[in-house]
1. Looking at the structure I just gave you, is residue 260 within 16 Å of residue 195 (Cα to Cα) and within 26 Å of the chain's Cα centre (by Cα)?
2. Just for helices (runs of 4 or more DSSP H) wholly inside segment 217-333: which have at least 3 residues that are within 25 Å of residue 28 (Cβ to Cβ), at pLDDT 90 or above and out of contact with any strand residue (DSSP E or B) (no Cβ under 9 Å at 6 or more places or on another chain)?
3. Take the residues of segment 138-156 that are in contact (Cβ under 8 Å) with a residue 60 or more places away in the chain and over 24 Å from residue 73 (Cβ atoms): which is nearest to the chain's Cα centre (by Cα)?
4. Of these, 239, 309, 231, 294, which one is in contact with a helix residue (DSSP H, G or I) (Cβ under 8 Å, 6 or more places away or on another chain), within 17 Å of residue 184 (Cβ to Cβ) and crowded, with 17+ Cβ neighbours inside 10 Å?
5. At pLDDT below 90, outside the structural domain of residue 155 (by TED's automatic domain parsing) and under 22 Å from residue 84 (Cβ atoms), is that true of residue 202?
6. Considering every residue within segment 159-169, establish whether at least one is without any contact (Cβ under 8 Å) to a residue 24 or more places away in the chain and within 20 Å of residue 241 (Cα to Cα).
7. Within segment 139-148, take every residue that is surrounded by fewer than 19 Cβ atoms within 10 Å (Cβ to Cβ) and touching a helix residue (DSSP H, G or I) at 6+ places or on another chain (Cβ under 8 Å) and give me the one that is modelled with the lowest pLDDT.
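The values are calculated or read from the model by the stated rules, or taken from the named source; none is laboratory data. This one's a predicted model, so the numbers in the text were calculated from it and none came from an experiment. Don't worry about glycine lacking a Cβ; one is built from the backbone with ideal geometry, like all the others, and counts go over all protein chains shown.
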């Protein structure tokens with residue numbers, strides 16, 4: 001019987017629909033859209049130095065995006081492994097491949113290592129600073145998921161340590177185009193705190209969906225400290241820090257971006273609103289495409305910021321009595 005079981009397990013593993021699909025699932029390919037923050041770094045680099053916008057940079061850009069996606073999947077696999085014992089207490093995540101028993105742990109660990117090595121090797125072909133930043137992305141996956149650190153179990157640090165991946169992705173995009181300089185610290189901090197707002201909203205929605213403090217703590221240890229008022233307060237705190245840091249960037253580098261503030265704040269306000277919905281989609285960012293008004297608002301924000309980033313409106317500086325910036329846009333209106 002033991003031999004029969006071993007043969008059966010082997011057949012199941014090589015049966016693509018029944019097994020391999022589960023190993024692909026824990027890579028969370030549908031989460032790769034989060035790497036869109038890399039493009040912010042690319043646009044910022046072009047804004048800083050328009051000469052980097054060359055055809056010979058596009059193959060490197062594609063290689064960098066591939067490396068980042070693979071490194072992100074490595075972190076997702078590790079997250080699936082480390083969270084399996086907790087996901088069993090979540091009404092939906094208990095059906096994930098590992099908690100449901102459709103993935104062998106030792107093979108999942110091998111998958112994690114292979115993806116990490118492949119991602120870092122590809123990153124090394126981009127440039128040195130891109131490799132260092134890619135290694136930082138991989139390192140954050142370790143300290144976020146693995147004991148004795150496991151920052152995801154600590155209140156507030158769980159949000160801050162996961163959302164720091166946003167400025168890391170921005171840096172990855174920047175270093176593809178400009179490998180020997182650093183972007184604005186104020187913008188990096190703005191992206192960090194904006195990501196923290198999104199993550200805190202996700203925690204808030206999860207806490208409301210579980211609707212049982214003891215069960216919530218079994219699922220995520222930080223929920224033993226959190227409450228709805230504490231999570232709401234943190235959401236306001238992170239969003240305020242984002243507005244402050246983004247304001248510093250606007251004042252110092254390109255005041256025209258002040259015109260994007262109503263669109264950005266409208267987008268974040270609507271995201272805040274979605275967090276209150278029953279079984280809110282902010283719990284699974286890969287499903288946010290279902291929120292049509294949110295998608296529309298996000299597209300308006302992107303188009304507005306992109307347009308203003310490369311636009312010069314001298315009259316604004318006179319109206320607000322602000323000194324003109326020293327960065328020349330690609331064109332003027």
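1. no
2. Of the helices (runs of 4 or more DSSP H) lying wholly inside segment 217-333, those with at least 3 residues that are within 25 Å of residue 28 (Cβ to Cβ), at pLDDT 90 or above and out of contact with any strand residue (DSSP E or B) (no Cβ under 9 Å at 6 or more places or on another chain) span 228-253, 261-274, 292-309.
3. Result: 156.
4. Among 239, 309, 231, 294, only 309 is in contact with a helix residue (DSSP H, G or I) (Cβ under 8 Å, 6 or more places away or on another chain), within 17 Å of residue 184 (Cβ to Cβ) and crowded, with 17+ Cβ neighbours inside 10 Å.
5. No; evaluated as a whole, the condition is false for this residue.
6. Yes: one or more hits.
7. Among those that are surrounded by fewer than 19 Cβ atoms within 10 Å (Cβ to Cβ) and touching a helix residue (DSSP H, G or I) at 6+ places or on another chain (Cβ under 8 Å), it is 146.
Results for (1) more than 26 Å from residue 220 (Cα to Cα); (2) modelled with pLDDT of 90 or more; (3) crowded, with 23+ Cβ neighbours inside 10 Å, shown as yes or no for each residue.
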position	(1), (2), (3)
47	yes, no, no
52	yes, no, no
56	yes, no, no
62	yes, yes, no
65	yes, yes, no
68	yes, yes, yes
76	no, yes, no
85	no, no, no
